[in-house]
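Contents: one structure, followed by commentary.
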Amino acid sequence: METTPNLQVYDLGHLGLVASILDQIGLVQTVDRFVGPRPGEKVSTGMALKAAILNALGFVTSPLYLFGHFFQGKPTELLLGPGITPELLNDDRMGRMLDSLYAAGVTELFVEVAKSARRAFPFPVRALHVDSTSFHVHGVYGSGEEGQTDTGDEPLVIRLTHGYSRDHRPDLKQWVMNLICADTGGIPLLFAPGDGNQSDQEALVPLLARYRQSLELGEVVVLDGASYSQENLGALRGFSWVMRVPATLKEAKVLLREELPQEAWRPLLPGYRGLEVESEYGGVRQRWLLVESQERARMEEASLQQRIARAEGEARKVLGRLTARTFACEADARRALSEASGRLPLHRLVYLGVQEERQWERVGRPRKGERPLAVVYRLRARLEVDQEKLERARRGLGRFILATNVLDREGLPPWEVLRRYKDQARTVERGFRFLKDPLFFTESTFLKRPERVMALGMVM
């Protein structure tokens, strides 16, 4: 009589596919080689990291002591290896895993894992996209989290502090995630945590320069306007780059508002047109591409109409104050009207004349032959939209400027400059949107030590 074998049923779900990919890129071996062995450990750091990735965002949003519950009812040995049970994946082991990742250097380790993945699954990289975002933390972080100075090879502790909050939570302290992603699928190639009050202008370009050899950079680097400065352009010598030019620059303001002939514009991508000018801003020869977006122009036209309505309210207050004043002569009244009209952003004050008023010594009908104490004048004027000012404002709608130091127009045509910049939204920024989606609730961090926050960022 045949006996029925003792069968056990486990819920594998998608975890088998994820585990297989992690095995193919050599995640466990790369991490363990980089971190080093720990005598007597049953679950290596690399294997603990693999378990955290299998748990995915549950590792990010749940307390560490609940981590092992995720693997209850799942084929843990099949996914992670013989002898590994959910009980071994306790909060102590996962906490030590975070500590080991920090001690090894989260950025250096991330780069090694990314290089291993590229060897296992080769993919072309035509551009690298660089950006940052912030994640807020809950709890009290005192003076012990004040950061360190880079004095050697020891890993630095980030500073959890107040800064510019992309999450609109200025009341909470935060840390910053810096990412460099490939244009192919937005695959991250470098992760680096930063202080909560990090300035992108001061942080992103030095990060590129520091890890240039590790990343084997030979591609075009795409950055946002925060990194466009004279100092950074000098530091980027040897790089090929595409950046947005800040609209606050004097040269940019002139170009954005300039009246240009229609024949000067050339089609770029659907809905976009542009024209190129040469620039040597910061002592670096570069091409500036003035871009005009139809969709953006429509949106900014709606905003302009709102600005007109708001400006009209302020302009009426100015007109009210002027008409309430008295002037010694008509010339003074005209001068005051002209100065006030010139300060209005979108309106003008139209002169309608003055009204003479005589001031007497006493109230009532003046006596025959009595001379007034003074003769003053009141303005009569009306408010209207200044069409010239409005036309100048409309001239810049939908416009922005991109810059590149690739001078070969055949190698990097204008439409390609725009496309590479637009790819920023579907690469690094898409990753940030995913991590910050309320559905996944990773926009905040619940850990006590900044060292573990840094390691958690690498897992994310």
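The values are calculated or read from the model by the stated rules, or taken from the named source; none is laboratory data. Quantities reported herein were computed from a predicted structural model and do not represent experimental measurements. For neighbour counting, all protein chains shown are included, and Cβ atoms are generated from backbone atoms with ideal geometry for every residue, glycine included.
How many residues does segment 241-264 hold that are surrounded by 10 or more Cβ atoms within 10 Å (Cβ to Cβ) and either of a type in the set (Lys, Arg) or over 21 Å from the mean Cα position of the chain (by Cα) (or both)?
9
Please go through segment 427-456 and give me each residue that is within 30 Å of Val242 (Cβ to Cβ) and at pLDDT 80 or above, ordered by number.
Thr427, Met454
Would you please list the contacts, defined by Cβ atoms under 9 Å and residues six or more apart or on different chains, that run from a residue in segment 44-56 that is without any contact (Cβ under 8 Å) to a residue 60 or more places away in the chain and farther than 13 Å from Ile84 by Cβ to a residue that is basic (Lys, Arg) and not in a helix (DSSP H, G or I)?
Thr45/Arg38
Just one of (1) touching a Gly at 6+ places or on another chain (Cβ under 8 Å); (2) at pLDDT below 85; (3) surrounded by 12 or more Cβ atoms within 10 Å (Cβ to Cβ) trips up Val31, so point out which.
Val31 satisfies every listed condition except (2).
If you go through segment 274-294 one residue at a time, do you hit one that is within 24 Å of the chain's Cα centre (by Cα), without any contact (Cβ under 8 Å) to a residue 60 or more places away in the chain and not assigned by TED's automatic domain parsing to the domain that holds Ala203?
Looking through segment 274-294, at least one residue is within 24 Å of the chain's Cα centre (by Cα), without any contact (Cβ under 8 Å) to a residue 60 or more places away in the chain and not assigned by TED's automatic domain parsing to the domain that holds Ala203.
Scan segment 85-136 for residues that are of a type in the set (Val, Ile, Thr) and in a loop (DSSP other than H, G, I, E, B) and jot them down.
Hits for segment 85-136 are Thr85, Val125.
Have a look at Leu208, Leu204, Leu179 and point out the one that is touching a Pro at 6+ places or on another chain (Cβ under 6 Å), at pLDDT 85 or above and within 30 Å of Thr404 (Cβ to Cβ).
Result: Leu179 is the single residue among Leu208, Leu204, Leu179 that is touching a Pro at 6+ places or on another chain (Cβ under 6 Å), at pLDDT 85 or above and within 30 Å of Thr404 (Cβ to Cβ).
Taking interchain pairs and intrachain pairs at least six residues apart, which have beta carbon atoms under 7 angstrom, with the first residue in segment 248-266 and without any contact (Cβ under 8 Å) to a residue 12 or more places away in the chain and of a type outside the set (Phe, Trp, Tyr) and the second assigned to a loop (DSSP other than H, G, I, E, B) and surrounded by 12 or more Cβ atoms within 10 Å (Cβ to Cβ)?
Short answer, once both residue conditions are applied: Lys253/Ala247.
Going by the conditions given, is Gly238 over 15 Å from Ala403 (Cβ atoms) and surrounded by fewer than 18 Cβ atoms within 10 Å (Cβ to Cβ)?
Yes; evaluated as a whole, the condition is true for this residue.
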